[in-house]
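A short write-up of the structure that comes next.
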Amino acid sequence: MARVQPLTAEERAIKRTEEAAVTQLTSQHLLGMQELSPAEINLILDTAFVMKNILSVQTKKTAHLQGRSVITFFAENSTRTRLSFDMACKYLGATTASIGASDSSIRKGENLYDTVKTLEMMSTDILVIRHSQSGAPHYIAERIDASVINAGDGMNEHPTQALLDMMTMIEYKGAIKGLKVAIIGDAMHSRVMRSNVWGLSKVGAEVRVAAPPTMIPRFLEQMPCQVCHDVREACAGVDIIMGLRVQLERQLSALFPSVNEYAHFFGIDKECLDLAKPDALIMHPGPCNHGVEMPTFIHEHERSVIHEQVANGVSVRMAVLFLLNAKRNAKLEELAASRKGSI
Ligand code: CP
């Protein structure tokens, strides 16, 4: 069987059901998918496809963020998110610097506010933050003037991951509206699950979440998704099967008897693929525990778009940086105009 291919821009245009109805984001921060409207999600995704076109030409560079400074502050480990933000900044011409908790003065006891205020005072326009505490980006956004982008906060949200997942779905399926999406795995700890449930449901997908009973948080019943206790029930007839990482580092107490048992009952296997639609895509935010969430042959399956998700992460982060910068510019222009009017 041949490897799954993305649709062309023309094929995507035929399947498109909604036009972006806004040209600007409401907020100068990106804190979560819960805060975004469907029109704002469409605007970011449309912009991400423009950014992808820019990356496909030889120079790969624009000057949209020239003169702007971005600091990425990762108080938790990351490969994909940290480096793709870093690359996105460079492709847009921004001045960038990056710091992690282990190499910062947090190790000497400095608190979060003092840390981010210090980063802001270096003429920083946009601060990208990953933190183990849910709500840390919201706390910061209320206290500094720089724009704040949530790059993953505890068990709350990971909005740019959901946006890149949605971009990948559009790339292969043309539109999100009407898609059936099964999200399988550690729903208890997963910020990726939360962001995807909020985001996908807002633009018209039907979302099912399957996990062992001990990994299903109570609040999931209040979210716009169907909760399944059986992975096969979740996968039946879906367009997308998305595995979630089992976050072994966050397991304070054993939530399942053994990794082998988890893999047996909730691992994505050939039977799951057979139950899904014949052209269903396989997705995973990474990093993947091979043999736990899915075996390597499913990770590398011809219908897996896991590597394409990583590639789209750069375009989505370029789009978010570009749109937040545009919002900041618009706010500055409004301020200048109101001052002129009052003279
Ligand atoms: N998906 C994701 O957030 O991966 P990283 O932890 O490598 O950034």
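Quick test for you: out of I184, I99, I129, pick the one residue that is modelled with pLDDT of 95 or more, over 20 Å from the mean Cα position of the chain (by Cα) and within 16 Å of the ligand (Cβ to nearest atom).
I99
Of the residues L244, L255, which is more than 30 Å from I170 (Cβ to Cβ) and in contact (Cβ under 8 Å) with a residue 60 or more places away in the chain?
Unique residue meeting the criteria: L255.
Can we say E110 is away from the ligand (no atom under 15 Å from the Cβ), farther than 28 Å from L332 by Cα and of a type outside the set (S, T, Y)?
Spelling it out, E110 is indeed away from the ligand (no atom under 15 Å from the Cβ), farther than 28 Å from L332 by Cα and of a type outside the set (S, T, Y).
Just to be sure I understand, how many residues within segment 133-161 are within 12 Å of the ligand (Cβ to nearest atom) and at positive phi?
1
If a residue must be within 16 Å of T160 (Cβ to Cβ) and outside any loop (DSSP other than H, G, I, E, B), how many such residues does segment 286-314 contain?
7
Looking at V320, V292, V259, V310, which is the one that is aliphatic (A, V, I, L, M) and away from the ligand (no atom under 16 Å from the Cβ)?
Of V320, V292, V259, V310, the one residue that is aliphatic (A, V, I, L, M) and away from the ligand (no atom under 16 Å from the Cβ) is V259.
Quick one: in segment 278-303, of everything that is touching a residue at least 60 places away in the same chain (Cβ under 8 Å) and open to solvent by less than 10 Å² (accessible area, probe 1.4 Å), which residue is nearest to the chain's Cα centre (by Cα)?
Applying the filter and picking the extreme gives M283.
Applying the selection to segment 267-277, what residues are open to solvent by less than 20 Å² (accessible area, probe 1.4 Å) and in a helix (DSSP H, G or I)?
Listed by number, the residues that qualify are C272, L273.
In segment 191-214, what residues are under 16 Å from Y262 (Cα atoms) and either touching a Lys or Arg at 6+ places or on another chain (Cβ under 9 Å) or in contact (Cβ under 8 Å) with a residue 40 or more places away in the chain (or both)?
A210, A211, P212, T214, listed by residue number.
Restricting to segment 208-224, what's the tally of residues that are crowded, with 24+ Cβ neighbours inside 10 Å and at pLDDT 95 or above?
Of the residues in that region, 2 qualify.
The values are calculated or read from the model by the stated rules, or taken from the named source; none is laboratory data. Predicted, not measured: the structure shown is a model, and the values here were computed from it. Quick reminder, even Gly has a Cβ in these numbers, built from the backbone with ideal geometry, and neighbours come from all protein chains shown. Accessible surface areas use protein heavy atoms only, side chains included; no ligands, DNA or RNA. Shrake-Rupley method; radii C 1.70, N 1.55, O 1.52, S 1.80 Å.
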